[in-house]
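Engineer: Can you keep this structure in mind? I'll have questions shortly.
Just so you know, all these numbers are worked out from the coordinates, no wet-lab data involved. Here the structure is a predicted model, which is why all the values come from computation and not from measurement. Every residue, glycine as well, gets a Cβ built from its backbone with ideal geometry; the counts of neighbours run over all protein chains shown.
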Amino acid sequence: MQLSLYQIDAFTQKIFSGNPAAVCPLNYWLDDELMQSIALENNLSETAFFVPSREGYHIRWFTPATEVNLCGHATLASAYVIFEYLSPQSTQIKFSSASGPLIVTRENDRIILDFPANPPKACEPPSLLSEALGIGPSEVWWCDDYLVVLDSEEAIRKVKPDFPLIRKLDGQGVIVTARGGEVDFVSRYFAPKVGIDEDPVTGSIHCALIPFWSGRLQKDELIARQLSQRGGELYCTNQGERVLIGGYAAEYLQGKITL
C-alpha cells in the first residue's frame, strides 16, 4: 500500500520556519497503532490524518508519542493540502474532530481556523513550576496547560525549561507568554509529556491565549508571535465562545509512504 504524504510549514510564508506538519489524506481509517507508527517515523510535532465524511472530513492528530484532541498547525496544513490539491474550488472546509466541528476558510492566501475558545482560569502554581522554568512567574493560569505570564518579551526568550521536571507537572504542558514589542503578545510552549519539548508554533494554545490577551488588552483583533527557534505569526480574533486563528502555509515536500 502507498499513501500520499505532504509536509507543510504552517504559520509562515517561507519554508524552514513556522511549524512543520505531516499530512496524510486517507480514504478510510488505518489502525491506530499504524497511524501512531507513521507519526513516530515522521518525527514531527504532529502528523494529521483525515478521511472524507458527509459534511467534509474527519481529522485526527498524532504526535510521535500519542494522539491529541486538538492541533492547530496540522489542521492548517491539512486545509492547505485540501485547498491546493483535493478541492481547489472550495473556500471553506468542515472538519469533525475530537474537539467538535472545526471550520476552516481561506481568504486570499491566509487560512483561518475557527476553534473553540478555552479561557484560562487563575490558579495556584505548583512548587515545581518555577524550578522547571528557572524563573519566578508573576501570574499563573490554567487551561489544560499551565499558562505563565511574564513581564516582557525578552523574559520569554530567556526561559530555559527543564524538560524532565515539566514532565512531572499535571496537565499537558506549559505556556509562557507576555506582551509583545512589535506584536500584541508572544509565547512559547513546552510539552515534553506528549513528545514535544518545545513546539515551534502552536495553534491550539491560542484558544486560551486569545481570550486572555483580548481581555487584558481590550481588543478583539490581535497579532501573535511564537518565539521558538523557527518562529511563526498568528492573526487572531476573539469571538467569545470561538476564536479565529489565521496564518499562512508553505509547502516543503510531497511524497509517498510505502506500507
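Engineer: Post the alpha-carbon centroid distance, segment 1-73 to segment 88-157, in whole angstrom.
Structural biologist: What the calculation gives is 19 Å, centre to centre.
Engineer: What is the magnitude of the charge dipole of the chain about its Cα centre, with +1 placed on the Cβ of each Lys and Arg, -1 on the Cβ of each Asp and Glu, and no other charges, expressed in debye to the nearest 20?
Structural biologist: 180 debye
Engineer: With 10 Å bins from zero, work out the P(r) of segment 84-143 over every alpha carbon pair and list the percent per bin.
Structural biologist: It works out to 17, 29, 18, 22, 13, 0, in whole percents.
Engineer: Evaluate Rg over Rh across segment 115-231, taking Cα atoms for both radii and Kirkwood's formula for Rh.
Structural biologist: 0.92
Engineer: Search the structure for amide H atoms under 5 Å from the amide H of Y252, placed 1.01 Å from N in the peptide plane, and list their residues when 5 or more places away or on another chain.
Structural biologist: Q7, I8, D9
Engineer: To continue, here is another question. Of K158/K193; K121/K219; K160/K256, which ones are farther than 26 Å apart at the Cα?
Structural biologist: K160/K256
Engineer: Another question, then. Using Cα springs under 10 Å in a Gaussian network model of the chain, which residue among P52, P211, P64 shows the largest mean-square fluctuation?
Structural biologist: Answer for the Gaussian network model of the chain: P52.
Engineer: Count the net charge of all other residues whose Cβ sits under 11 Å from the Cβ of W142, scoring Lys and Arg as +1 and Asp and Glu as -1.
Structural biologist: Net charge around W142: -3.
Engineer: For a protection proxy built on the mean count of beta-carbon atoms within 10 angstrom, sort 175-182, 216-223 highest first, please.
Structural biologist: Averaged packing, sorted descending, gives the order 175-182, 216-223.
Engineer: Would you kindly derive the ³J(HN,Hα) couplings of segment 247-255 from the backbone phi angles with the Karplus curve 6.51 cos²θ - 1.76 cosθ + 1.60 (θ = phi - 60°), listing them in order in whole Hz, with x for Gly and Pro?
Structural biologist: Calculated HN-Hα couplings, in order: x, 9, 9, 10, 7, 9, 7, 10, x Hz.
Engineer: Let me ask something else. On average over all directions, what projected area in square nanometres does the chain have, based on the convex hull of its Cα atoms?
Structural biologist: The directionally averaged projection comes out at 13.0 nm².
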